[in-house]
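Asker: I have a structure here, written as structure tokens, and I will follow up with some questions on it.
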Amino acid sequence: ADTTPLARGLPVPQGISKSAFLAAIEELRSTLGADHVVLNDQTITNGWYMEHPNTHDIMSLFDTEEFIASAVVYPGSVTDVQSIVKWANKHLIPIFPISIGRNLGYGGSAPRVRGSVTVDLGRRMNRILDINVDDFTCLVEPGVTFYALYEEIQRRGLGDKVWIDTPDLGGGSVIGNTLERGVGYTPYGDHWMCHSGLEVVLPSVGDDGKVPVMRTGMGALGTGGENVWQCFPYGYGPHNDGIFSQSNFGIVTKMGMTLMPNPGGYESYAYTFPNESDYAPLIDIIRPLRIANILENVAQLRQGLQTLTVEGRPRTAYYNGSGPIPDAVVREHQRKTPTGECAWVYYGMAYGPPHVRAHKLAIIDAEFKRIPGCRKIDPASMPEDDYYWSRDHIASGTPDLEELRWVNWMPNGAHICFSPVSPTRGADAEKLYAMAKRWHTEQGLDLMMAFLVGMREMHLIIEIVFDVTDKEMKKRAEKCLRGMIDEAASLGYGEYRTHLALMDQVAGTYNWNDNALMKFNNQLKDAIDPNGILAPGRCGIWPARYRNRGWEL
Ligand code: FAD
């Protein structure tokens, strides 16, 4: 870990004097216990994925001390969370909840407003409250990671029966990832779709002096709904869960999640495609197969360069020139890899007993081979440490960390995502690909991308990998991202999720009918959080106290 003194000193939140802030911190210490309130007034330690800081973003696009916490608090219970909310309202101090804080590529653990007090829920609130093997559901607290859930299932001897779904990296929080509407790669890959029931601490203090806690769905029943909370997500009346995802309307303290039954076997496969232009007809082949569930998991169509980046070696091992790495260089190096030369590679998984898999795999094979030069990879030819097996783990619900390999592409490797959504159509993919390629070429950046097919839509995930110490490169990355966001919006595409630094811009593209959606969100924000203490600015939603006062980026 690299530790340096804070250049700008204690990041006291705006609107409160340092002495008043320190007095407020002392007050919170007396409520929560001194050990559970830690001031961020000395040094900044960068760490890495496993030992990530909870005060700032290790992959910061701006100066690291721009989005930084003044203190971190560690609640141990729902009551503690309520006390923190009450305290924040009393002193008008912004608070920013994280579950684990490994939201890398989207802001890490950093708050949007400098000097916010980070509420690190995961450190102490990390219980798996229930794993129900009859209903295939679980109920978790914020600190439960995909690894922790997986390991507990194995520890209880349920591994043969119950699967989880994990994103590419297993160290994140089940709750944090789901609230970000993150994805994994089994048939249960749409995490938000698979959740059932939230418990939420609301951000204001009621007339009775209490901070409300509510449960959604069946959990709102007088009994707390425990017997049925995880079986039916909707309950009765408006389905409110949505407003607590990608927002700043509440602090989630419990969440129900559905689990996948072991499908009775699985088999991963991969196909390569030789030409750059192959992706468009291939995506048109993928669409009906995915919607009909012949392609059963979140399909990953990765661009050829990604077969090199996942080797985990730096770019300089392949190319020393400036500008995007040329295609001919990529191909020359690919020839030495087990995957071989290709413009695209598709990683998939078939589920079920052999006869069920065989039926689907035969259809997939015939359809994919309509693309001239399509080649099926023989898994037996893939070495044990090849990235192929990481995809095999992830698509069978086994957490992994191998995806971090491509972050090494640059020295002091960091990355930031551009993640627009489009229909699963070749013509749409062509527009996005051409646009992304042009912006990357103009800014001299390597284009690293994959199409992830959810069902009827694709997330195009572009990772701009940059050297976090290289200010000039970060400027180019920002220019590229901002350019792509605006151009994609003009073509009719929007991001499914974005980095803290880009939230205002992305939210601004969802501006149909005179910004009706943001006006509604603002109305909700002002009603639910009148003092504007909870995660101001997250997802472009600013409370009245901050709105149009120069905070937007
Ligand atoms: P947190 O950082 O804890 O939470 C994310 C955000 O949600 C917080 O900043 C906060 O604003 C809000 N939040 C969290 N908890 C609460 C709460 N209890 N109440 C209210 N608000 C809350 N992501 C994917 O989805 N799929 C992938 O396949 C994937 N692959 C990745 C690969 C690499 C190499 C890297 C570096 C990142 C990848 N990511 C991926 C992004 C990220 O690592 C994961 O999404 C990760 O799970 C998010 O971090 P977290 O779970 O620790 O969430």
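Asker: Within a Cβ distance under 13 Å of residue 41, other residues only, what is the Lys/Arg minus Asp/Glu net charge?
Answerer: +1
Asker: Test of understanding: what is the full-extension gain from residue 152 to residue 403, defined as 0.36 nm times their sequence separation minus their Cα-Cα distance?
Answerer: Values: separation 251, 0.36 × 251 = 90.36 nm, distance 2.28 nm.
So the chain would gain 88.1 nm between residue 152 and residue 403.
Asker: Could you tell me what a quarter of the Cα convex hull surface of the chain works out to, in nm² with one decimal place?
Answerer: Working: hull surface 100.3 nm².
Average projection, Cα convex hull of the chain: 25.1 nm².
Asker: Additional query: Relative contact order (percent) for the range 1-115, with alpha-carbon contacts under 8 angstrom and 6 or more residues of separation?
Answerer: In percent, rounded to a whole number, it is 33.
Asker: For n ≥ 4 DSSP H runs only, could you compute -39500 (n - 2.57) per run for the chain, divide by its residues and tell me the 222 nm figure to the nearest 500?
Answerer: Mean residue ellipticity at 222 nm (helix-derived): -9000 deg cm²/dmol.
Asker: Sticking with this one: Out of all DSSP beta bridges in the chain, what portion is antiparallel? Express it as a percent rounded to 5.
Answerer: The antiparallel fraction comes to roughly 90 percent.
Asker: Going down the list 479/525; 437/479; 431/474, which pairs span over 19 Å between their C-alpha atoms? Could you put the intermediate results ahead of the total?
Answerer: Working: 479/525 30 Å; 437/479 14 Å; 431/474 25 Å.
Where the Cα-Cα span goes over 19 Å, the pairs concerned are 479/525; 431/474.
Asker: Would the range 510-553 count as rounded, prolate or oblate if I go by the C-alpha gyration tensor, calling it rounded below 1.5 in a/c and otherwise prolate when a/b exceeds b/c, oblate otherwise?
Answerer: Oblate, because a/c is 1.5 or more while a/b does not exceed b/c.
Asker: Given a cut-off of under 8 Å on Cα pairs at least six residues apart, what relative contact order in percent is computed for the chain?
Answerer: 15 percent.
Asker: What whole-number value in Å² describes the accessible area per residue of the range 314-441 for a 1.4 Å probe?
Answerer: On the way: 5400 Å² over 128 residues.
For the range 314-441, the per-residue accessible area is 42 Å².
Asker: OK, next. With a probe of 1.4 Å, find how much accessible area the range 510-553 has per residue, and write the answer as a whole number in Å².
Answerer: Values: 2430 Å² over 44 residues.
Ligands and nucleic acids excluded, the result is 55 Å² per residue.
Asker: Viscosity 1.306 mPa s, temperature 10 °C: give me the Stokes-Einstein translational D for the range 406-489 in µm²/s, with Rh taken as the Kirkwood radius over C-alpha pairs.
Answerer: So the translational diffusion coefficient is about 121 µm²/s.
Asker: Here's another thing I want to ask about it. Compute the distance from the alpha-carbon center of the range 309-385 to that of the range 225-276, in whole Å.
Answerer: About 29 Å separates the Cα centre of the range 309-385 from the one of the range 225-276.
Asker: Of 269, 198, 24, which is farthest towards the positive pole of the chain's charge dipole, taken about the Cα centre with +1 and -1 on the beta-carbons of Lys, Arg and Asp, Glu respectively?
Answerer: Of the candidates, 24 comes out farthest on the positive side.
Asker: Follow-up question, since we're still on this one. On average, how much accessible surface per residue is there in the range 164-227, in Å², for a 1.4 Å probe, leaving out ligands, DNA and RNA?
Answerer: 35 Å²
Asker: May I pose another question? Counting only protein heavy atoms and using a 1.4 Å probe, what share of the accessible area of the chain belongs to carbon plus sulfur, as a whole percent?
Answerer: With neighbouring chains kept in place, the figure for the chain is 52 percent.
Asker: Here is a follow-up. For the range 288-293, what does the Karplus curve 6.51 cos²θ - 1.76 cosθ + 1.60, with θ = phi - 60°, yield as ³J(HN,Hα) per residue in whole Hz, taken in order and with x for Gly and Pro?
Answerer: So the J values, rounded to whole Hz, are x, 5, 6, 5, 7, 6.
Asker: Which trypsin sites (Lys or Arg not before Pro) in the range 295-361 sit in a loop by DSSP (not H, G, I, E or B) and have at most 14 other Cβ atoms within 10 Å of their own Cβ?
Answerer: Listed in order of number, the matching sites are 335, 336.
Asker: Still on this structure: Measure nothing but the geometry: give the 0 to 90° angle between the long axis through the Cα atoms of 512-528 and the longest principal axis through the Cα atoms of the chain, rounded to 10°.
Answerer: 40 degrees
Asker: Related question: For the range 450-553, rounded, prolate or oblate, judged on the Cα gyration tensor with a ≥ b ≥ c (square roots of eigenvalues), a/c < 1.5 rounded, else prolate if a/b > b/c?
Answerer: Oblate is the answer for the range 450-553, as a/c is 1.5 or above yet b/c matches or exceeds a/b.
Asker: What angle do you read, to the nearest 10 degrees and between 0 and 90, between the alpha-carbon axis of helix 354-368 and the longest principal axis of the chain?
Answerer: On a 0 to 90 degree scale, this one is about 70.
The values are calculated or read from the model by the stated rules, or taken from the named source; none is laboratory data. These numbers come from a predicted model, not from an experiment. As a convention, Cβ positions derive from the backbone with ideal geometry for all residues, glycine included, and neighbour counts pool all protein chains shown. For the accessible areas, the whole protein counts, side chains as well, though only heavy atoms, and no ligand, DNA or RNA atoms are used. Shrake-Rupley method; radii C 1.70, N 1.55, O 1.52, S 1.80 Å.
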